[in-house]
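Shown next, in structure tokens, is the structure this report addresses.
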Amino acid sequence: MTDIKSLTFDALAEILAAEGCESYRTAQVFRWLYKDRVADFSEMTNLSAKLRERLADRFFISRPEILRSQVSSDGETAKLLYGFADGNAVETVLMKYKHGSTVCISTQAGCRMGCRFCASTKRGLKRNLTVSEMLDQIIFTERQFCVKISNVVLMGTGEPLDNFDNVTAFIAMATDERCLGLSVRGISLSTCGLVERIRQLREMRLGLTLSVSLHAPNDEIRRRIMPVAAKYKMSDLLAEVKEYADYTKRRVAIEYTLIKGINDSDENARELASKLRGIMAHVNLIPLNPSKECEWERPSPARMRAFLNALEREHISATVRRELGTDIDAACGQLRLRYDNEKERADA
Ligand code: SAH
């Protein structure tokens with residue numbers, strides 16, 4: 001059985017044409033799947049009974065189970081735990097802003113990048129998510145909370161560029177008018193810095209907003225924090241970031257998680273500023289979110305302010321990221337933690 005929501009419009013059109021269907025059928029099926037969002041082929045009432053049966057024999061319409069739904073105490077953030085048929089589960093975070101809703105989706109079950117401070121990677125990679133599993137995180141989050149999502153960030157569990165083919169196919173579907181019809185500018189992808197993949201993404205000319213998790217002012221500190229830094233030199237990463245920003249003519253977001261005593265000194269800020277000079281970038285400072293497995297702490301509010309000021313003195317644009325959803329473990333680096341802990345207890 002083929003997962004119909006993992007097929008692009010052209011891929012489905014080709015299959016239906018080979019089956020002798022009229023060419024307008026693909027548009028009809030897409031409408032049922034993505035506008036009406038039916039759960040079953042039998043509901044596609046403008047198709048003949050025979051065609052509906054043939055579709056049902058050949059394809060299935062995915063539908064993840066919502067294993068848990070939590071809303072933060074301020075009502076601004078919600079977190080859903082989606083379970084898939086093979087027993088894997090991922091988290092999706094909905095953030096409601098005045099100007100529209102943003103969803104943060106996961107791209108892999110688990111992660112193999114091993115960043116020291118991140119809870120999502122502690123149990124390694126389980127598997128890549130499929131195109132439909134990424135689309136469904138949008139579709140079923142909209143349904144669950146009766147919202148229309150305008151922005152998507154690929155910043156949940158997983159390294160999106162480590163699941164390159166599915167992620168780029170997902171972006172093609174999400175931005176296709178006949179599918180979700182999101183604006184490509186409303187989609188941003190966050191990566192720990194797989195340099196050749198960023199280059200590939202640029203060469204595809206999708207125009208996606210890019211965020212790069214840098215977290216350090218030099219290779220030495222970066223290697224202490226992120227194993228991926230052993231593979232890519234920061235100078236190569238930043239050269240590619242510059243290329244990417246020059247091509248989109250928009251700033252790349254540099255994610256920088258502040259960790260007490262590791263990367264938070266004024267000197268670190270000045271070194272970071274010197275590395276970012278000449279690059280269209282904006283630095284997002286993220287206070288480290290605590291996790292049980294990691295002994296590191298966030299700096300004091302005064303130290304964070306000093307770090308921000310030191311960057312600004314060097315004329316680097318920067319902000320401290322607003323914290324959302326920490327009370328439901330929905331903040332950066334906290335995803336899946338609670339689920340994993342519960343699962344471990346249950347397994348024991
Ligand atoms: N793999 C991608 C996207 C997922 S992580 C990436 O590395 O960018 C999303 C962001 O949260 C990254 O910037 C990541 O470094 C940050 N993050 C992870 N754990 C964190 C923690 N404990 N506290 C603060 N930020 C964290």
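The values are calculated or read from the model by the stated rules, or taken from the named source; none is laboratory data. It should be emphasised that the depicted structure is a prediction, and the values quoted were computed from it without experimental measurement. Here the Cβ positions follow ideal geometry from the backbone for every residue, glycine too, while neighbour counts run over all protein chains shown.
Here V320 meets each of (1) at pLDDT below 95; (2) farther than 30 Å from D236 by Cα with one exception, condition (2).
A85 satisfies every condition listed in (1) touching a strand residue (DSSP E or B) at 6+ places or on another chain (Cβ under 7 Å); (2) modelled with pLDDT under 95; (3) over 30 Å from E295 (Cα atoms) except (1). A single member of L258, L208, L237 is in contact with a Leu (Cβ under 7 Å, 6 or more places away or on another chain) and within 13 Å of the ligand (Cβ to nearest atom), and it is L258. Screening C118 with (1) more than 24 Å from E255 (Cβ to Cβ); (2) surrounded by 23 or more Cβ atoms within 10 Å (Cβ to Cβ) gives one miss only, at (1).
Which of the residues belonging to region 10-59 are within 29 Å of the chain's Cα centre (by Cα) and outside any helix (DSSP H, G or I)?
D36, R37, V38, A39, D40, F59
The strands (runs of 3 or more DSSP E) found entirely in region 244-337 that carry 3 or more residues being surrounded by 18 or more Cβ atoms within 10 Å (Cβ to Cβ) are 252-258, 281-287.
Please go through region 202-243 and pick out each residue that is part of a loop (DSSP other than H, G, I, E, B) and in contact (Cβ under 8 Å) with a residue 24 or more places away in the chain. Quick ask: steps written out before the conclusion?
The first filter runs over region 202-243 and keeps only residues part of a loop (DSSP other than H, G, I, E, B), leaving 204-208, 214-218, 226, 231-233.
Matches in region 202-243: M204, R205, L206, G207, L208, L214, H215, A216, P217, N218, M226, Y232.
Among the residues of region 288-319, those that are among the hydrophobic types (A, V, I, L, M, F, W, C) and more than 17 Å from G261 (Cβ to Cβ) comprise L308, L311, I316, A318. Scanning region 232-243 for residues that are over 25 Å from V320 (Cβ atoms), hydroxyl-bearing (S, T, Y) and in the same structural domain as M304 (by TED's automatic domain parsing) turns up at least one hit.
Just wondering, is there one or more residues in region 191-201 that are part of a helix (DSSP H, G or I) and either within 12 Å of the ligand (Cβ to nearest atom) or within 21 Å of I286 (Cβ to Cβ) (or both)?
Checked region 191-201: at least one residue is part of a helix (DSSP H, G or I) and either within 12 Å of the ligand (Cβ to nearest atom) or within 21 Å of I286 (Cβ to Cβ) (or both).
When region 144-166 is filtered for residues that are within 16 Å of the ligand (Cβ to nearest atom) and not in a helix (DSSP H, G or I), the ones remaining, listed by number, are N151, V152, V153, L154, M155, G156, T157, G158, E159. Note on region 167-186: among residues that are within 16 Å of the ligand (Cβ to nearest atom) and either farther than 20 Å from E142 by Cβ or not aromatic (F, W, Y) (or both), the one that is surrounded by the most Cβ atoms within 10 Å (Cβ to Cβ) is V167.
Being acidic (D, E) and assigned by TED's automatic domain parsing to the domain that holds R178 is a property that D86 has.
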